[in-house]
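Visitor: Below you will find the structure I want to go over with you.
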Amino acid sequence: MAGAIMLEPAAAYSLWAPSYPPHAHNPVMQAEERAMLALMPEALHGQSVLDAGCGSGRYLLHALHRGAARVTGVDLSPEMLARADTALRDESREVPIALLAGSIDALPVADACADLTVCGLVVGHLQELRPCLAELQRATRPGGIVLCSDVHPIGHALGWVRDFKSGGQRYAVRHTQHLYGHWHDACASLGLRIERVREPMLDPADIPADAHFDRTALEVPVALVLQLRRER
């Protein structure tokens, strides 16, 4: 967006955190979340869930609502982790919750610790896809599921940015385009089987009547969502 100051992710989310709610708060996130939740198991009873790049905790909340026995969130931003802690405090129902500082390409968790690993709208903040996927694979038990999403590569070509306003100034978060071919090659090399791919589009009902946006966004996918299975 013209006039937006481009920031690295850590600096951006430090500024964004105070106004970043623990739910999908724009039409792109709503489209992405519908696709992710359709692929997430309805019942997670007895399962351990890891959210890599958990932000303010929206997918941790969904995991708790679906009965997860343990949830762990990892995020680079201390400010976002504080937001997640606030959101989760009243939802734990005695379920163990761990919120850890770290990057998704160097997760501070044990091998094979998760039955389900989620990584929503985060991988584009890293320039290299494979190191991130290698960590998601390592943290997931053999046979377990990895759910990933990112802004659709077509958005990069159209000049879309993830932007926000803080203190009267508009900012954008640095984002790297990862094509489906990059996902395919990285997953094949790591023993992650691509089971399902979704390319959700905007629902016009989600768009405020006074919104100013690129109308092309109604004609193309806005997110790339993948269900992966750790094979080895």
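Visitor: Just one of GLU42, GLU33 is touching a helix residue (DSSP H, G or I) at 6+ places or on another chain (Cβ under 9 Å) and either on the phi > 0 side of the Ramachandran plot or not hydrophobic (A, V, I, L, M, F, W, C) (or both); which is it?
Guide: GLU33
Visitor: Follow-up question, since we're still on this one. State which residue is farthest from the chain's Cα centre (by Cα) when the search covers only the stretch 168-212 and only residues that are surrounded by 18 or more Cβ atoms within 10 Å (Cβ to Cβ) and under 17 Å from GLY155 (Cα atoms).
Guide: LEU202
Visitor: Right, here's the next one. Within the stretch 167-232, considering only strands (runs of 3 or more DSSP E) that don't extend past its boundaries, which have at least 2 residues that are in contact with a Ser or Thr (Cβ under 6 Å, 6 or more places away or on another chain)?
Guide: 223-230
Visitor: Within the group MET6, MET80, which residue is open to solvent by less than 50 Å² (accessible area, probe 1.4 Å) and touching a residue at least 40 places away in the same chain (Cβ under 8 Å)?
Guide: Unique residue meeting the criteria: MET80.
Here's the yes/no breakdown for (1) open to solvent by 50 Å² or more (accessible area, probe 1.4 Å); (2) free of Cβ contacts under 8 Å to residues at least 24 places away in the same chain; (3) part of a loop (DSSP other than H, G, I, E, B):
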residue: ALA12; (1), (2), (3): no, no, no
residue: ALA17; (1), (2), (3): no, no, no
residue: PRO22; (1), (2), (3): no, no, yes
residue: ARG34; (1), (2), (3): yes, no, no
residue: ALA38; (1), (2), (3): yes, no, no
residue: CYS54; (1), (2), (3): no, no, yes
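Visitor: Consider only pairs whose beta carbons are under 6 Å apart and that are at least six residues apart or on different chains; among these, list those whose first residue lies in the stretch 113-131 and is at positive phi and whose second residue is open to solvent by less than 10 Å² (accessible area, probe 1.4 Å) and at pLDDT 95 or above.
Guide: The qualifying pairs are LEU121/SER149.
Visitor: Of the residues that make up the stretch 3-25, is at least one in contact with a Cys (Cβ under 9 Å, 6 or more places away or on another chain), under 30 Å from HIS212 (Cα atoms) and not hydroxyl-bearing (Ser, Thr, Tyr)?
Guide: There is no residue in the stretch 3-25 that is in contact with a Cys (Cβ under 9 Å, 6 or more places away or on another chain), under 30 Å from HIS212 (Cα atoms) and not hydroxyl-bearing (Ser, Thr, Tyr).
Visitor: Out of curiosity, is ALA101 open to solvent by 20 Å² or more (accessible area, probe 1.4 Å) and either under 27 Å from LEU129 (Cα atoms) or in contact (Cβ under 8 Å) with a residue 24 or more places away in the chain (or both)?
Guide: Yes: the conditions hold for ALA101.
Table: residues versus (1) over 22 Å from THR176 (Cβ atoms); (2) assigned to a strand (DSSP E or B); (3) basic (Lys, Arg); (4) touching a Phe, Trp or Tyr at 6+ places or on another chain (Cβ under 8 Å).
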{"site": "GLN30", "(1), (2), (3), (4)": "yes, no, no, no"}
{"site": "TYR59", "(1), (2), (3), (4)": "no, no, no, no"}
{"site": "VAL71", "(1), (2), (3), (4)": "yes, yes, no, no"}
{"site": "LEU81", "(1), (2), (3), (4)": "yes, no, no, no"}
{"site": "THR86", "(1), (2), (3), (4)": "yes, no, no, no"}
{"site": "THR117", "(1), (2), (3), (4)": "no, yes, no, no"}
{"site": "GLU128", "(1), (2), (3), (4)": "no, no, no, no"}
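Visitor: Taking the stretch 40-50 as the region of interest, how many residues are surrounded by fewer than 16 Cβ atoms within 10 Å (Cβ to Cβ) and in a strand (DSSP E or B)?
Guide: Of the residues in that region, 1 qualify.
Visitor: Within the stretch 109-120, does at least one residue satisfy the condition of being surrounded by 16 or more Cβ atoms within 10 Å (Cβ to Cβ), in contact with a strand residue (DSSP E or B) (Cβ under 8 Å, 6 or more places away or on another chain), modelled with pLDDT under 95 and not aromatic (Phe, Trp, Tyr)?
Guide: No, that holds for no residue.
Visitor: All but one of (1) closer than 19 Å to LEU7 by Cα; (2) in a loop (DSSP other than H, G, I, E, B); (3) touching a helix residue (DSSP H, G or I) at 6+ places or on another chain (Cβ under 7 Å); (4) not polar (S, T, N, Q) hold for GLY159, so report the exception by its number.
Guide: With (1) closer than 19 Å to LEU7 by Cα; (2) in a loop (DSSP other than H, G, I, E, B); (3) touching a helix residue (DSSP H, G or I) at 6+ places or on another chain (Cβ under 7 Å); (4) not polar (S, T, N, Q) applied to GLY159, the lone miss is (3).
Visitor: Can you confirm whether THR72 is surrounded by fewer than 16 Cβ atoms within 10 Å (Cβ to Cβ) and among the polar types (S, T, N, Q)?
Guide: no
The values are calculated or read from the model by the stated rules, or taken from the named source; none is laboratory data. These figures come from a predicted structure and were not determined experimentally. Glycine also receives a Cβ, built like all others from the backbone with ideal geometry; neighbour counts cover every protein chain displayed. Keep in mind that these areas ignore ligands, DNA and RNA; they rest on the heavy atoms of the full protein, side chains included. Shrake-Rupley method; radii C 1.70, N 1.55, O 1.52, S 1.80 Å.
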